[in-house]
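Mind having a look at this structure? Questions to follow.
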Amino acid sequence: MTSVLDLAPVLPVVVLEDASDAVPLARALVAGGLPAVEVTLRTAAAPDAIRAIAAEVPEAAVGAGTVLTPEDVRTAVDAGAGFLVSPGWTERLLDAMRGSGVPCLPGVSTTSEVVALLERGVTEMKFFPAEAAGGAAYLKSLASPLPRARFCPTGGIGPDTAPAYLALPNVACVGGSWMLPADAVRDRDWARIERLAREAALLGS
């Protein structure tokens, strides 16, 4: 199975207030070349949004973000999430995510957290909050001593800073929401979102 980290250079981070927007938004992202979609569990609409994308946009790989508890894991998997992303991890949360049967990206922001996950056989991680936690320079410094760790940095990254991350050997993709401006989502301007997604997809080329 292809890792979610390898599907596209950018993983869109989606916050939806209305689940009815999920399918056209996901189709716009896929059409723009971003097939992996992380729907964050920050709103009541998130489970229904994940369920709708999983059912109606088969070409999308839909996952759940902001997974904070074992209960979140169950909610996400029951809704059809194909991967799980957390901003950080505890032993209890990690056990639940790894036991869910779907791939997961536990969040890290320190070297010790990375080493602890490597010790448990986890090599793919979210680096969050990327810009606040040291940015591309920090991840570059981890590449040599911790070559097995692969990251999806997320948090404060935009089209201007993404290329510096994507140039690193230990970064497979970046997470962000800049291709999903709040006004475009509010106005259901799917054509604009598709155009921004297409621009984002080119960042890794």
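Less than 12 Å Cβ to Cβ from ALA54, Lys/Arg counted +1 and Asp/Glu -1: what total charge do the surrounding residues give? Please report the intermediate quantities before stating the final value.
Working: positive: ARG51; negative: ASP48, GLU56, GLU59, ASP78.
Once positives and negatives cancel, what remains is -3.
State the Cα centre-to-centre distance between the range 71-101 and the range 126-204 in whole Å.
22 Å
Follow-up question, since we're still on this one. Long-range amide H contacts for CYS152: which residues qualify at under 5 Å (H placed 1.01 Å from N, peptide plane, sequence gap of 5 or more or a different chain)?
Hits under the 5 Å cutoff: MET125, LYS126, PHE127.
Follow-up question, since we're still on this one. Per residue, how big is the convex hull of the chain when only Cα atoms are used? Give it in Å³.
Numbers: hull volume 21.6 nm³, N = 205.
Dividing the Cα hull volume of the chain by its residue count gives 105 Å³.
Next question, about the same structure. Under a point-charge model restricted to the Cβ atoms of Lys and Arg (+1) and Asp and Glu (-1), what is the dipole moment magnitude of the chain relative to its Cα centre, in debye to the nearest 20? The partial results should precede the final answer.
Numbers: 16 positive and 23 negative charges, 90 e Å.
Charge dipole of the chain: 440 debye, to the nearest 20.
What number, rounded to the nearest 500 deg cm²/dmol, is the helix-based mean residue ellipticity at 222 nm of the chain, given -39500 (n - 2.57) per DSSP H run of at least four residues and division by all its residues? All intermediate terms of the calculation are to be shown ahead of the outcome.
Values: 9 runs with 79 residues, N = 205.
Value at 222 nm, helices only, nearest 500: -11000 deg cm²/dmol.
If you don't mind, another one. Starting with the highest mean, order 177-188, 44-55 by the number of other Cβ atoms within 10 Å, averaged over the residues of each peptide. List each step's numbers first, then the result.
Numbers: 177-188: 15.5, 44-55: 21.0.
Per-residue Cβ counts within 10 Å, averaged per peptide and sorted highest first, yield 44-55, 177-188.
Considering the dipole of the range 8-200 built from charges on the beta carbon (Lys and Arg +1, Asp and Glu -1) around the Cα centre, which of SER141, TRP178, THR69 is farthest to its positive end?
The residue sitting farthest along the positive end of the dipole is SER141.
Let's test the formula: R0 of 25 Å, r as the Cβ-Cβ distance of LEU68 and LEU118. What FRET efficiency results, to the nearest 0.05?
Working: r = 22 Å, r/R0 = 0.90.
E between LEU68 and LEU118, to the nearest 0.05, is 0.65.
With a sphere of radius 14 Å drawn around the Cβ of LEU168, what net charge do the other residues whose Cβ falls strictly inside it have (Lys, Arg +1; Asp, Glu -1)? Could the numbers behind the result be given before it?
Values: positive: LYS140, ARG150; negative: none.
So the environment of LEU168 carries a net charge of +2.
Sticking with this structure for a sec: Counting other C-beta atoms within 10 Å, which of VAL171, VAL67, VAL23, VAL77 has the fewest, and how do the rest follow? Mind showing how you got there, number by number?
Numbers: VAL171 24, VAL67 30, VAL23 16, VAL77 19.
Fewest to most other Cβ atoms nearby, the residues stand as VAL23, VAL77, VAL171, VAL67.
Further question on the same structure: Name the long-range amide H neighbours of LEU105: under 5 Å, sequence gap of 5 or more, or other chain; modelled H, no Pro or chain starts.
Those lying under 5 Å, H to H, from LEU105 are LEU84, VAL85, SER86.
Can I ask one more? Pulled fully out, how much extra length does the chain show between ALA137 and ARG198, if you take 0.36 nm times their separation in residues and subtract their Cα-Cα distance?
Numbers: separation 61, 0.36 × 61 = 21.96 nm, distance 2.67 nm.
Gain on stretching ALA137 to ARG198: 19.3 nm.
Further question: With an 8 Å Cα cut-off and a minimum separation of 6 or more residues, compute the relative contact order for the chain in percent.
On the way: 413 pairs, mean separation 46.4, N = 205.
Once normalised by length, the contact order is 23 percent.
Only the coordinates and a few stated rules stand behind these numbers; no lab work does. All figures in this text were calculated on a predicted structure; none of them were measured in a lab. Cβ: placed from backbone, ideal geometry, glycine included. Neighbour counts: every protein chain shown.
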